[in-house]
Amino acid sequence: MKILTAYLCSRIKTAAAWVLAGICFGIVFALYSLPVKAVLYGMAVSGFFLIILGAADFCSFAKKHSALVKMRDEIIYSDEFLPTPGKGIEEDYDTLIRLLHSCLKESENRLSSTVSEMTDCYTLWAHQIKTPIAAMGLILQRGELSEDDSGELREELDRVEHYVQMALCFVRLSSESSDFVIKEYSLDDIVKQGAGRFYSQLIRRRLTLSVRETGLRVITDEKWLVFVIEQVMSNAVKYTRSGGIEIYAEGSVLCIKDSGGGVAPEDLPRIFEKGFTGEGGRLDKKASGVGLYLCQKICCKLNHHIWAENSDGGLIIKISLGRETINFE
């Protein structure tokens, strides 16, 4: 029915011209006192042939329409599936569409090549930079520096390594392939891995860390969830000047709470946006606004849910891990 309606709408001018011609003939015959039946007979014969030609034209229209709808529904971006055009304006449209498709494919190929080169470059850089980081770590182990200088340098070195991991994570998430390994893990083990690398920083800053056993087992990817916890911990340590950090569970929701003063209410809904740093980021000129964005993106791929709440002069990052259905896309 929709196809018939579309066809009639596309041919309404032709039908109107045929009716108008019949009216004109009728008026002329009436003015000359000629039998109007001759006009009606002529219109009936013309209408008969018009119906036959219209039926054939409708079949051609329906075939083209079905082909275009199939392309749209199946998201087939290839000009080889375009229906054969008719003469005149249809040929012009067909030529234009094929030219636009060719330009689109060329642009996509250039973009794909550029992204591939950039991804390879970032990946290579991330792996190569690990060598001097490891070398600096070995130098620190010699103990040639004072305890304060050594601790401060170790903290900065850990920060550099974390930024490298962020860059590598960003590249991997942007690529079509992924290395997700979905299994059942102990949440307590994952939390220990994510929080463990910050013990020395917490001691240097005289901050406390309270980790309550959850006893939960979750279906997730260990490596990526550890990265999320590390990023949340990194922000908590960075913005907490006194007090400490608490990690606990509320049902199947993992909570990481700090005493860093929280986030401005107007900034809270936007802290997971890419590049958004908020009031805290304006004070800390080195903030990139990428860390929590990556956390949200990872949680989305793992079918977890992450959000933030202000509470008692601090910020609570909550990660819901209760879903059993994992999104591999």
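Anything in segment 234-255 that is among the hydroxyl-bearing types (Ser, Thr, Tyr) and within 12 Å of Arg206 (Cβ to Cβ)? List them, or say none.
Across segment 234-255, the qualifying residues are Thr240, Ser242.
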Within segment 201-222, considering residues that are of a type in the set (A, V, I, L, M) and assigned to a strand (DSSP E or B), the one nearest to Glu155 (Cα to Cα) | Leu209
Which members of segment 65-116 meet the condition of being β-branched (Val, Ile, Thr), modelled with pLDDT of 65 or more and under 30 Å from Leu8 (Cα atoms)?
-> Val69, Thr84, Ile89, Thr95, Ile97
Considering segment 158-213, residues that are among the polar types (S, T, N, Q) and within 19 Å of Ala236 (Cβ to Cβ), and then whichever is surrounded by the fewest Cβ atoms within 10 Å (Cβ to Cβ), we arrive at Ser210
Quick one: would you say Ser150 is in contact with a Gly (Cβ under 8 Å, 6 or more places away or on another chain), surrounded by 15 or more Cβ atoms within 10 Å (Cβ to Cβ) and either hydroxyl-bearing (Ser, Thr, Tyr) or modelled with pLDDT under 75 (or both)?
-> yes
Among all residue pairs at least 6 apart or on different chains, which show Cβ distances below 6 Å where the first residue, located in segment 39-63, is surrounded by 13 or more Cβ atoms within 10 Å (Cβ to Cβ) and the second is assigned to a helix (DSSP H, G or I)?
-> Val39/Phe25; Val39/Gly26; Val39/Phe29; Met43/Gly22; Phe58/Tyr7; Phe61/Tyr7; Ala62/Ile3
Determine if segment 52-60 includes at least one residue that is modelled with pLDDT under 75 and hydroxyl-bearing (Ser, Thr, Tyr).
-> no
Counting only residues in segment 303-315 that are surrounded by fewer than 19 Cβ atoms within 10 Å (Cβ to Cβ) and not small (Gly, Ala, Ser), the one farthest from Trp224 (Cα to Cα) is identified as Asp312
Name the residue, out of Lys274, Lys238, Lys285, that is out of contact with any Phe, Trp or Tyr (no Cβ under 8 Å at 6 or more places or on another chain), of a type outside the set (S, T, N, Q) and modelled with pLDDT under 85.
-> Lys285
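The values are calculated or read from the model by the stated rules, or taken from the named source; none is laboratory data. Because the structure is predicted, anything quoted here is derived from the model rather than measured. Cβ: placed from backbone, ideal geometry, glycine included. Neighbour counts: every protein chain shown.
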